[in-house]
Structures are given as C-alpha cells and as structure tokens.
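J.: Before anything else, here's the structure in question.
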Amino acid sequence: MFMRLFNTILVLLLLVVGGCTSTEANKQHDAMYTFADLQQVNSIDNFRMDGWESVDRYSIIVNVRPKQHYLLILNSGLNDLKFAQGLAISSTMGKVEAGFDSVSTVQDPMLKSQIKRIYKLEDKQQKNEIKAKIEAFADK
C-alpha cells in the first residue's frame, strides 16, 4: 500500500514539474512573437488578400492592398507553410479577426491554425526588419 501511494505521489509530482516546464516554454515562445514596437490591431477590415509570404511556421505577412501589409501570428505552427502554393484565411463578411479566424494551406485545408495576433506593418522597411527578426530567432 505504501508503494502504491509513493508511486501515485511521484507521478503527480512529475506531472506538476512537466506542466511548469511546458508553461515556461510557452511563455518564452509567446514572448518571441510579441512585438511592442508594432501597432497591434484586432482585425483587418475589408480583407482582400493580394499576396502573402511565410516568415516561419508561426507567422505570415499578408498584403491586402498595395503597400499595406499585416503580420499574422498563429497559435500553432503550420509545417508546410514555407512550401505552400496557396493560403486560405477565414473571414466573416470581409473581416479577419485575431482569436477568431484561422489560416490553412490549400494543400491541407483541414489543418488550421487560429490567428493569435495581427500587427499592421507601416512600410517595406518595417516589413523587412520584422521578417529578419523572426528569422533570426526561428533559426536558433
């Protein structure tokens, strides 16, 4: 009986420690994809995608009008995003909302990732800077 109780306590302790480690890793990952220097928006109104490019498996940049770009941060990574030939972004009446809409590739439309955050990029220079920043920590 004592061994059974000891094993139960040991398993619970391992679960708690594992949960804390997982939570800390999630916090670090979330911090990497938070950009205080960018304008965060809740939605993109009148959404019509003119083009897109993947930055890594957790982020994409979409062009909605000439010279208007948004950075989308995804909740979970899409492994085939870098090699995708097409992208599908859900929307409701032309509006894409963080925390509500999702992204998938045309190769695997059933595998979706919810949009966690949306940042408006001011110009091509800011777009290139953010892209380089994400690629730098994605390579680590």
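None of the figures in this text is laboratory data; all of them are computed from the coordinates on show. Nothing here was measured: the structure is a model prediction, and the numbers come from that model. Using ideal geometry, Cβ is built from the backbone for each residue, glycine included, and neighbour counts are taken over all protein chains shown.
J.: Run the numbers for D37 and M49: contour at 0.36 nm per residue of separation, minus the present Cα-Cα distance, in nm.
T.: 1.9 nm
J.: Amide H to amide H, which residues 5 or more places from F47 or on other chains are under 5 Å from it, using H placed in the peptide plane?
T.: Distant-sequence amide H within range of F47: K95, V96.
J.: Chymotrypsin sites (Phe, Trp or Tyr not before Pro), restricted to the range 50-133: which are DSSP loop and have at most 14 other Cβ atoms within 10 Å?
T.: Answer by residue number: F100.
J.: Where in the range 31-140 are there GluC sites (Glu not before Pro) that are in a DSSP coil and have at most 15 other Cβ atoms within 10 angstrom of their Cβ?
T.: E122
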